[in-house]
Ligand SMILES: [Zn+2]
């Protein structure tokens, strides 16, 4: 039931004792890095876990400015791996690992996999990007640690993906949710019936992209599998930071490896228990590149209650958005995932969409482009007008502003096989 | 029942051109054509001689296409002949979704394509009441 029972079910007191011990070690280790040396990190005194609030934050900009080696706290000869975060322009942010770091990371991922029923002998197809991106190699190492036959397929080449799933009796996959939906569409058009043609497939690990509960349900229903939400970011290793257990109610965040804080993104002080705020993480077991109080920009909240699965590590709720992804339209905070949720609940349109923001005079104007579902088209213009009206109404109820709906031909909007790019902001500054 | 093609297209140049290209490639005959535009999209309706084959080909070319049932009635001129039909529908409280008159002959006769939600009943009613309703073969052979 547990990959590492002692750690995963440790009492709260023991866990916090372990955290404090590791936090002190981490501070000592981090102080060796040029960046933290310049901050005078070694002068901060930490006696309790609450003292974390006295420490300085680390931001993505800090990592960028420390490029290339400014965050490294070991002899460079001890580094064995470099990863870089995805989707950045300009100077990348890089993260380094020692052999011990890779080992610890693999253990965390193995813990996640074991938690959702993955066992030695299972076949695993890893449809997430390899290379600099952490999603591929992170899961790869974890799955091999558990003892799975691991297929490093990466994303794309959808027809081959489906062939492999079938031919190798694949049991579980790791996939970006938007690609899982695309895979479902492709399977459907190829006449693949998952319960008949993919009888061995039982689990999908989905992450690396914000998605709604409806998306999870769609993936689960189409493939007749369980889909578990995964959370990670390259600065904190990558996948394996937090993961859903079979209860599917929040993601256990491995508190022996990460110290968790939730702060108000404006005041930067801790929010009240259970409130939503920005997730701030401190690595507790990394030697090559420890990071103190990293501002993830991910918005979430902590679930403090005990979990039926018996793990004592607290859970975080589904990421409700990134402060970066958040759009402010007519003064209202909007997350693209809200639009996605409405579209998934609307028969007649497909899942693909694009948000275009324009200035009309001094006002913001929001256009939501959606693709018509060809299967639902019956040939009359009145039906389309009705669809537009009901979509406008549902989006207004969800977003609190009224968007303009533009119906597009199926296949005319860009499809994402990787991270979805869905927002075009043409507003004047 | 005769069928007419209905295509959903974005209002962008070249759409109709592509459709006609496909038809010409198939040697397909277009009997009638209408375009109804909304703001950013339109519906193109086409009466052709082989609607089912045309639908398949258009679908394969990526078009969003549906078939709708229609009746074609021969009337003695417009407006007089057409008025006979509209008055008849009014008396039966049937709503006409769309009507297109075409094929005006020298003798003043015209053909009217009628769309309605209740096409099979409409067709029966028209026949029962002495209107000249064209058979499917007659329509496709126009
Ligand atoms: Zn649990």
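Taking the stretch A:284-303 as the range and being assigned to a loop (DSSP other than H, G, I, E, B) and closer than 17 Å to residue A:71 by Cα as the test, the residues that pass are A:284, A:285, A:286, A:287, A:288, A:289, A:290, A:291, A:292, A:293.
Go through the stretch A:349-372 and report how many residues are within 12 Å of another protein chain (Cβ to nearest Cβ) and modelled with pLDDT under 90. Selection size over the stretch A:349-372: 1.
Only one residue in A:315, A:311 is more than 19 Å from the chain's Cα centre (by Cα), buried (at least 18 other Cβ atoms within 10 Å of the Cβ), within 16 Å of the ligand (Cβ to nearest atom) and outside the structural domain of residue A:408 (by TED's automatic domain parsing), so which one is that?
Numbers: A:315 fails: more than 19 Å from the chain's Cα centre (by Cα).
Of the residues listed, the single one that is more than 19 Å from the chain's Cα centre (by Cα), buried (at least 18 other Cβ atoms within 10 Å of the Cβ), within 16 Å of the ligand (Cβ to nearest atom) and outside the structural domain of residue A:408 (by TED's automatic domain parsing) is A:311.
Within the stretch B:1-14, the residues that satisfy the criterion of being over 17 Å from the mean Cα position of the chain (by Cα) and in a loop (DSSP other than H, G, I, E, B) are B:11, B:12, B:13, B:14. The single residue among A:151, A:192, A:128 that is buried (at least 21 other Cβ atoms within 10 Å of the Cβ) and in contact with a helix residue (DSSP H, G or I) (Cβ under 8 Å, 6 or more places away or on another chain) turns out to be A:128.
For the stretch A:320-341, the criterion of being closer than 30 Å to residue A:252 by Cα, in contact with a helix residue (DSSP H, G or I) (Cβ under 9 Å, 6 or more places away or on another chain) and at pLDDT 85 or above is met by at least one residue.
This table checks each residue for (1) away from the ligand (no atom under 16 Å from the Cβ); (2) modelled with pLDDT of 95 or more.
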| site | (1), (2) |
| --- | --- |
| A:234 | yes, no |
| A:255 | no, yes |
| A:265 | yes, no |
| A:291 | yes, yes |
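You will find that of A:306, A:296, the residue that is more than 16 Å from the ligand (Cβ to nearest atom), assigned by TED's automatic domain parsing to the domain that holds residue A:6, modelled with pLDDT of 90 or more and closer than 29 Å to residue A:246 by Cβ is A:296 and no other. Candidates in the stretch B:15-41 are the residues that are within 13 Å of another protein chain (Cβ to nearest Cβ) and more than 16 Å from the chain's Cα centre (by Cα); of these, the one that is surrounded by the most Cβ atoms within 10 Å (Cβ to Cβ) is B:19. Determine whether residue B:9 is at the interface with chain A (Cβ under 8 Å from one of its Cβ atoms) and touching a helix residue (DSSP H, G or I) at 6+ places or on another chain (Cβ under 7 Å). Spelling it out, residue B:9 is indeed at the interface with chain A (Cβ under 8 Å from one of its Cβ atoms) and touching a helix residue (DSSP H, G or I) at 6+ places or on another chain (Cβ under 7 Å). The numbered conditions (1) within 27 Å of residue B:117 (Cβ to Cβ); (2) within 12 Å of chain B (Cβ to nearest Cβ); (3) touching a residue at least 12 places away in the same chain (Cβ under 8 Å) are all true for residue A:375 except (3).
The values are calculated or read from the model by the stated rules, or taken from the named source; none is laboratory data. Since the structure is predicted, the reported quantities are computational estimates derived from the model, not experimental observations. Here Cβ is always computed from backbone atoms with ideal geometry, including for glycine, and neighbour counts include all displayed protein chains.
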